[in-house]
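Novice: One structure coming up, written as C-alpha cells, with questions to follow.
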Amino acid sequence: MTQTRAYDTRYPAVADLKDRARKRLPKFAFDYLEAAIDNELGKARNRAALQDVQLIPRYLRDVSTVDTSVDIFDHSYAMPCGVAPVGLGNMMWPGAELALAAAAQKANVPYVLSSFSTTPMEDIVNTAPTVSWFQLYVPRRRQHMQQLIKRVQEAGFRTLVVTVDVPIGAKRNRELKNGLKLPLSPSTSLLWQCMTHPNWALRSLLAGWPDFVNIQDYRDDPKQQLADFISSFAMAGVTAQRLQEIRGLWQGPLVIKGLQHVDDMAQAIDIGVDGIVVSNHGGRQLDAAVASALSLQNATSALSAEVTWMLDGGIRSGLDVVRALALGAKMTFSGRSFFYGVGALGAKGADQVMAIFADEIARTLGQLGCVNAAAMGRDYIASTP
Ligand SMILES: Cc1cc2nc3c(=O)[nH]c(=O)nc-3n(C[C@H](O)[C@H](O)[C@H](O)COP(=O)(O)O)c2cc1C
C-alpha cells in the first residue's frame, strides 16, 4: 500500500465536510447545493443503488503498489474521480470555482465548468490548462450555440460535455421555500442568514455578487430573473439533430451527460459521441429517475460499443468510485462532494476532497486485490443493484 495522502484528519470523510459546510454556509446557499426535486427520492436512490453494490475481494496477491490512474481521451488522469459541473459555484462559496479548478489541476483529475458558472471560462483554463472540460447547456438560438462553442474552443477546453437532462426547468421545493431568486431580493430571512454567517457574507461582499459571466452576452434583459433567463437561453429538449450539429462543430472529445435510456445512448453513440456520463443530474430533475448505478449497469450490459462510460450521482467516497468502476465506468464525477469541501474549509477544502478520494480509491483497490484502476470491472461484483 503506497499511496496515502496527508489531509486534515478532523474531516476524514466527505460526510464530515458536509456537516461542517451545513454550519458554515447560509441556509439558502447550502440548500441550493443539497436540493433535489420533489421529495428528493431520486437523489436518495443514487446513494442506495451504489451502496447495494457488493464486491468480492481477491487475496493471494501482492498489492504493495496500486495504480489509480486512468487514460481518457488522450490524457492520463491520476484517479477516476473528477468535479462535475455545478452552476452558480461562487454563490456557495466565493472563489469556489477557481479553487476547485486549481485543486483538480494539482490532483490531475477532470474539472467540468458549467455553462451557468460564475468565473470567466478563460480564467479556468489558465488555472487548469490540462484538465478543464466545458459543460454546454445548448442555447436555443443556433447563432448563440455556434458563438459559445467557438469561444470554448478558443479558450482551450479540450472536452465538451453536452447536458441533455434539463429539457424543463425544475421545481425544487427547498429553493422555493427559501425564496432563492436571482438577482437576490433582500428579504428579512436572507439578511438574517447573511448576518449570522459573517465570514461568508464578508467574502461575498468583497467578491461581488456572482453572475453568469460566460453566457451573459446572450441575455436580452440584464434585469431578467435567473429562472426566466435560463429557460429563454437553453433549448427545451436537445434534439438528436442538434447533437449532430454539435458533433460537426466540435473537433475534440464530445461527451453527452444525463442519458438514462439505453436507446438514447445507442442513438448518441451512432451520432459519434466519445463518452457518456450516465447521470440523473443528482436527482434534481425527476424524482422517479432511475439510479445512475442501475442505468450504467443496464447500459454496459446492453451496449458493447466503444464509448467511454462515466457516472455521476451519489459518489461520496473512494469506495463509491470503485463500485462505479466495477459496474463499467471508466471515470466518475461528483458535484456535491467537492462543494461540501469548499463550503467547509474554503480553498483548502477542495484539496481535502481530492486527497480523501485519492486515498480511499487506492486503499479500496488494494483491499480488493486490484492493483490497477483500469482493471476494475464486473469480475469483482458479488451483486448489483
Ligand atoms: C447545485 C448543483 C448545480 C448543478 N448545476 C449543473 C449544471 O450547471 N450543469 C450540469 O450539467 N449539471 C449540474 N448539476 C448536476 C451535476 O453535474 C451532477 O450531475 C450531480 O451533482 C451529481 O450528483 P452528486 O451531487 O450526488 O455527486 C448540478 C448539481 C448541483 C448539486
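The values are calculated or read from the model by the stated rules, or taken from the named source; none is laboratory data. Quantities reported herein were computed from a predicted structural model and do not represent experimental measurements. Quick reminder, even Gly has a Cβ in these numbers, built from the backbone with ideal geometry, and neighbours come from all protein chains shown. What goes into the accessible areas is simple: the full protein's heavy atoms, side chains included, and nothing from ligands, DNA or RNA. Shrake-Rupley method; radii C 1.70, N 1.55, O 1.52, S 1.80 Å.
Novice: For the stretch 230-249, name all the residues that are within 19 Å of Gly169 (Cα to Cα), under 22 Å from the mean Cα position of the chain (by Cα) and at pLDDT 80 or above.
Specialist: Phe233, Ala234, Met235, Ala236, Gly237, Val238
Novice: Looking at this structure, is Ile269 open to solvent by less than 10 Å² (accessible area, probe 1.4 Å) and either within 14 Å of the ligand (Cβ to nearest atom) or of a type outside the set (Ser, Thr, Tyr) (or both)?
Specialist: Details: open to solvent by less than 10 Å² (accessible area, probe 1.4 Å): no; either within 14 Å of the ligand (Cβ to nearest atom) or of a type outside the set (Ser, Thr, Tyr) (or both): yes.
So Ile269 does not fit the description; no.
Novice: Let me ask something else. Asp228 is checked against (1) open to solvent by 20 Å² or more (accessible area, probe 1.4 Å); (2) touching a residue at least 12 places away in the same chain (Cβ under 8 Å) and fails just one. What number does that condition carry?
Specialist: Of (1) open to solvent by 20 Å² or more (accessible area, probe 1.4 Å); (2) touching a residue at least 12 places away in the same chain (Cβ under 8 Å), only one is false for Asp228: (2).
Novice: Can you confirm whether the stretch 96-107 contains a residue that is open to solvent by less than 30 Å² (accessible area, probe 1.4 Å) and within 12 Å of the ligand (Cβ to nearest atom)?
Specialist: Yes: the stretch 96-107 contains one or more residues that are open to solvent by less than 30 Å² (accessible area, probe 1.4 Å) and within 12 Å of the ligand (Cβ to nearest atom).
Novice: Determine if the stretch 78-93 includes at least one residue that is in contact with a Leu (Cβ under 6 Å, 6 or more places away or on another chain), away from the ligand (no atom under 11 Å from the Cβ) and open to solvent by 10 Å² or more (accessible area, probe 1.4 Å).
Specialist: No, that holds for no residue.
Novice: Right, here's the next one. Given the criterion exposed (fewer than 11 other Cβ atoms within 10 Å of the Cβ) and of a type outside the set (A, V, I, L, M, F, W, C), identify the matching residue among Pro210, Pro198.
Specialist: After applying the criteria, what remains is Pro198.
Novice: Here is a follow-up. If we scan the stretch 207-229, do we find a residue that is among the basic types (Lys, Arg), within 16 Å of the ligand (Cβ to nearest atom) and part of a loop (DSSP other than H, G, I, E, B)?
Specialist: For the stretch 207-229, residues among the basic types (Lys, Arg), within 16 Å of the ligand (Cβ to nearest atom) and part of a loop (DSSP other than H, G, I, E, B): absent.
Novice: Now, a different point. For the stretch 250-346, which fully contained helices (runs of 4 or more DSSP H) count at least 2 residues that are among the acidic types (Asp, Glu)?
Specialist: Counting at least 2 such residues, we get 262-271.
Novice: So, one more: Would you check if Leu311 is away from the ligand (no atom under 16 Å from the Cβ) and of a type in the set (A, V, I, L, M)?
Specialist: Here the answer is no, as Leu311 does not meet what is asked.
Novice: So, one more: Answer yes or no as to whether Thr332 is at pLDDT 95 or above, among the β-branched types (Val, Ile, Thr), open to solvent by less than 10 Å² (accessible area, probe 1.4 Å) and closer than 21 Å to Met310 by Cα. Spell out the reasoning first.
Specialist: Numbers: at pLDDT 95 or above: yes; among the β-branched types (Val, Ile, Thr): yes; open to solvent by less than 10 Å² (accessible area, probe 1.4 Å): yes; closer than 21 Å to Met310 by Cα: yes.
Yes: the conditions hold for Thr332.
Novice: Further question on the same structure: Output the residues belonging to the stretch 12-46 that are open to solvent by 10 Å² or more (accessible area, probe 1.4 Å) and in a loop (DSSP other than H, G, I, E, B).
Specialist: Within the stretch 12-46, Pro12, Ala13, Ile37, Asp38, Asn39, Glu40 meet the criteria.
Novice: Determine the pairs where a residue that is assigned to a strand (DSSP E or B), located within the stretch 363-382, has a partner that is crowded, with 20+ Cβ neighbours inside 10 Å with Cβ atoms under 6 Å apart, the partner being 6 or more residues away or on another chain.
Specialist: Matching pairs, first to second residue: Ile381/Ala326.
Novice: Taking the stretch 288-313, which residues are touching a Ser or Thr at 6+ places or on another chain (Cβ under 7 Å) and not hydrophobic (A, V, I, L, M, F, W, C)?
Specialist: Ser292, Gln297, Asp312, Gly313, listed by residue number.
Novice: May I pose another question? Please give the number of the condition Ala288 fails out of (1) open to solvent by less than 40 Å² (accessible area, probe 1.4 Å); (2) among the small types (Gly, Ala, Ser); (3) away from the ligand (no atom under 16 Å from the Cβ).
Specialist: Here Ala288 clears every test but (1).
Novice: Of the numbered conditions (1) away from the ligand (no atom under 14 Å from the Cβ); (2) surrounded by fewer than 24 Cβ atoms within 10 Å (Cβ to Cβ); (3) of a type in the set (Gly, Ala, Ser), Ala350 fails exactly one; give the number of that condition.
Specialist: (2)
Novice: What are the residue pairs meeting all of these: first residue in the stretch 244-257, first residue open to solvent by less than 10 Å² (accessible area, probe 1.4 Å), second residue of a type in the set (Phe, Trp, Tyr), Cβ atoms under 8 Å, and 6 or more apart or on different chains?
Specialist: If the second residue must be of a type in the set (Phe, Trp, Tyr), the pairs left are Val255/Trp133.
Novice: I would also like to ask the following. Is it the case that some residue within the stretch 314-322 is crowded, with 20+ Cβ neighbours inside 10 Å and away from the ligand (no atom under 16 Å from the Cβ)?
Specialist: Within the stretch 314-322, not a single residue is crowded, with 20+ Cβ neighbours inside 10 Å and away from the ligand (no atom under 16 Å from the Cβ).
Novice: While we're on this one: Exactly one condition in (1) free of Cβ contacts under 8 Å to residues at least 40 places away in the same chain; (2) touching a helix residue (DSSP H, G or I) at 6+ places or on another chain (Cβ under 8 Å) is false for Thr9; which is it?
Specialist: (2)
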